[in-house]
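The next block holds one structure in the form of C-alpha cells; read it before the comments.
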C-alpha cells in the first residue's frame, strides 16, 4: 500500500512508521487517521515486523489536528465525509484503539512537538522516548474542546490522576524534561541520538524474544489495567503460560539459554495464536 501522510519502512524486524507531512508539522487529518489504522493492520499481518517505531518527519512529531479549516476544525457537521446519525467517534480515538489492539511492541520516538492528538494518540504505545527538543501539550481546554483519543482512560493510568489533571486543566505546552519527570516519556536523547536509541531498544526485543510471547505479554498488561481483581490476571496468565509452556518457543528458549547461543523462535504471531485468543469481550464499535 502507498501512503500519502506516512512513510512505512521495514528493516531487520523493525518497522519505522514516520508521520510525513513536514510542511504541516505532521498535523493530523482524515487521511493520516485512515492511513495509521491501515499501517497498523499491515504491521500486525506481517511476521517480518517484530517492533514498530513511530516518529515524525522534519522538526515536529505531530502538531495536533490540522487547523486549516479555522473555527470549524472540530465541527463534525462541517467536515466532508463525516458519517451522519448516531455514529460519534473521534478520529484520534480510532487510531488509539487500533494501537491498543496491536500485537507488536510499539515505541514512540518524539523528535519534536507533540501536541493535542499528536500526544494523545501515542498514549497506547508501550514505550515513549523523546528528543531534548521535544515539547508536549494536552491543549484541549485552550481550544475550547475536551480530551479525545481515549486519553481520559490512558493518561491518568500512565502518569497518575494528579499529573494528568494539571496538564489537561492548564492546557499548557511543556518541555521534554517535564514530560520525563511526569512519567510521560521513558528517556531523553539529543536529537541525533533519538532514533539510534529507539532502534537499540527495538533490536534488543527483536533479537532476543519470542514474537508470540511479545503478543501475549502486551495484551496481558494492557487488558489487565482494567481488571477489578488479580484473579482475572491469574485466570488468563494460567492459560497463556500453559499454552506457551508446551510450545516450540519454550523449548527453544530454554535450550538456547543452556547452550549459550541466540534463540531462534519459530511461532508465528499472525498464524499460531492460542485458541483462547482473544479472551476479552468484543469491544464496542469494533
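List of remarks:
- Solution diffusion estimate, µm²/s, Stokes-Einstein, the chain, Kirkwood Rh from C-alpha pairs, 20 °C, viscosity 1.002 mPa s: 107
- CD proxy at 222 nm, helix term only [per DSSP H run n ≥ 4: -39500 (n - 2.57); per residue of the chain; nearest 500]: -12000 deg cm²/dmol
- Among 220, 158, sorting on how many other beta-carbon atoms sit within 10 Å of each Cβ, with the fewest leading, yields 220, 158.
- Take the Cα of residue 169, step 7 Å toward its Cβ, do the same at residue 259, and the gap between the two points is 6.0 nm.
- For residue 221 and residue 2, the FRET efficiency from 1/(1 + (r/R0)^6), where r spans their Cβ atoms and R0 equals 22 Å, is about 0.05.
- Counting 0.36 nm for each residue step from residue 248 to residue 235 and taking away their Cα separation leaves a gain of 2.4 nm.
- Extension gain (nm, one decimal) between residue 204 and residue 270, 0.36 nm per residue minus Cα-Cα: 21.7 nm
- Share of pairwise Cα separations in region 169-257, more than 19 Å, in percent: 62
- Antiparallel %, DSSP beta bridges [both residues in the chain], to 5: 30
- Spherically averaged projected area in nm², based on the convex hull that wraps the Cα atoms of region 93-203: 6.4
- The order of the peptides 265-271, 146-152 by mean Cβ neighbours within 10 Å, most packed first, is 146-152, 265-271.
- Most fluctuating residue given options 140, 174, 243, as computed from a GNM of the chain linking Cα atoms under 10 Å: 243
- For the chain, built as a Gaussian network whose Cα springs stay under 10 Å, the top-fluctuating residue of 160, 58, 112: 160
- Which of 153, 279, 167 has the fewest Cβ neighbours within 10 Å, and the rest in rising order: 279, 153, 167
- Rounded D (µm²/s) - region 210-286, Kirkwood Rh over Cα pairs, Stokes-Einstein at 4 °C, 1.567 mPa s: 94
Only the coordinates and a few stated rules stand behind these numbers; no lab work does. All values reported here derive from a predicted model rather than from experimental measurement. Here the Cβ is made from the backbone with ideal geometry for all residues, glycine too, and neighbour counts use every protein chain on show.
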